[in-house]
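What follows draws every value from the coordinates through simple rules; no lab data is involved. Computed from a predicted structure; not experimentally measured. Counting neighbours? That spans all protein chains shown, and the Cβs are built from the backbone with ideal geometry, glycine included.
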Amino acid sequence: MTPVQILKAYGEGVQCGEYTPKKETEQLTSLELLKFAMLMQGSRTESVFEYLQGKRELNKLRYWKTQKERLEHLEDLKGIDKALNGRSASKLRLWLKSIKGIGEKKAQMLINVMHRDLGHKFRDPENIDVATDVHVMRVFKRLGFSDGTPKDTIMAARRLNPEYPGELDLSAWYLGMKVCREFKPKCNSCILKEECPSRF
């Protein structure tokens with residue numbers, strides 16, 4: 001297997017948070033779906049459902065302070081239904097970036113969560129990039145895929161997996177956070193130890 005194939009297989013075994021019931025997320029409105037994706041990155045699945053159902057206050061969720069302002073701006077913006085119903089990742093990315101507090105990295109994270117975890121499949125997955133998180137960039141650099149900069153990391157993912165560059169996002173992030181750490185990386189327990197040119 002190539003390093004990219006190994007990363008893909010590894011990503012399939014990594015869960016972003018807890019298992020998310022697809023049938024329940026399919027019943028969410030467009031705005032609720034986006035809120036779910038936003039809050040899912042730091043909170044337990046059932047807690048997010050309880051918040052959307054009015055059974056739990058926002059301040060009872062983990063990391064709610066970092067999401068509060070973004071959620072408030074979501075309520076004021078129009079066009080979410082059109083942005084989501086078109087199933088266009090590139091159009092949704094531009095719309096998300098118009099929200100105060102959401103830049104390129106956060107927009108790609110949200111789109112990846114929606115496409116990968118929530119069953120909202122976009123018609124243009126080739127336009128879903130990896131989020132330029134420090135863990136992702138470090139893994140890509142150590143594997144020799146990129147020079148470690150945000151732009152080159154995105155270009156490398158597009159070159160390595162053109163049909164869906166963002167597919168490499170979760171596996172690289174998890175690997176970087178748990179194994180390929182900045183200091184004292186656990187090279188001997190890494191799934192890519194035989195292929196990595198930067199092995200310590």
Task: Cα-based convex hull volume of the chain per residue, rounded to whole Å³ - done: 122 Å³
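Can you give me the orientation-averaged projected area of the convex hull built on the Cα atoms of segment 159-200, in nm²?
The directionally averaged projection comes out at 3.4 nm².
Would you kindly state how much longer the chain becomes between MET155 and TRP64 on full extension, computed as 0.36 nm times their sequence separation minus their alpha carbon distance, in nm to one decimal? Intermediate results must be reported in sequence, preceding the final value.
On the way: separation 91, 0.36 × 91 = 32.76 nm, distance 3.24 nm.
Extra length available between MET155 and TRP64 comes to 29.5 nm.
For the chain, what is the relative contact order in percent, using Cα pairs closer than 8 Å and at least 6 residues apart in sequence? Provide the component values of the computation, followed by the final result.
On the way: 250 pairs, mean separation 42.1, N = 200.
Normalised by residue count, the contact order of the chain is 21 percent.
If I stretch the segment between GLU50 and VAL134 completely, what's the gain in nm (0.36 nm per residue apart, minus their alpha carbon distance), one decimal? Please list the in-between numbers first.
Working: separation 84, 0.36 × 84 = 30.24 nm, distance 3.16 nm.
Stretched out fully, the GLU50 to VAL134 stretch lengthens by 27.1 nm.
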TODO: Run the quick spin-label model on GLU72 and PHE200: label points 7 Å from Cα toward the beta carbon, then report their separation in nm to one decimal.
DONE: 4.2 nm
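Which of the peptides 130-136, 144-150 is most tightly packed, and how do the rest follow, going by the mean number of other Cβ atoms within 10 Å of each residue? Intermediate results must be reported in sequence, preceding the final value.
Values: 130-136: 22.0, 144-150: 16.4.
In descending order of packing, they fall as 130-136, 144-150.
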Open item on the list: Angle check, please: helix 64-76 long axis (alpha carbons) against the longest principal axis of the chain (alpha carbons), in degrees 0 to 90, nearest 10.
Closed with: 50 degrees
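Give me the extension gain from ASP81 to THR29: residue separation times 0.36 nm, minus the current Cα-Cα distance, reported in nm with one decimal.
Numbers: separation 52, 0.36 × 52 = 18.72 nm, distance 0.84 nm.
Here the answer is 17.9 nm.
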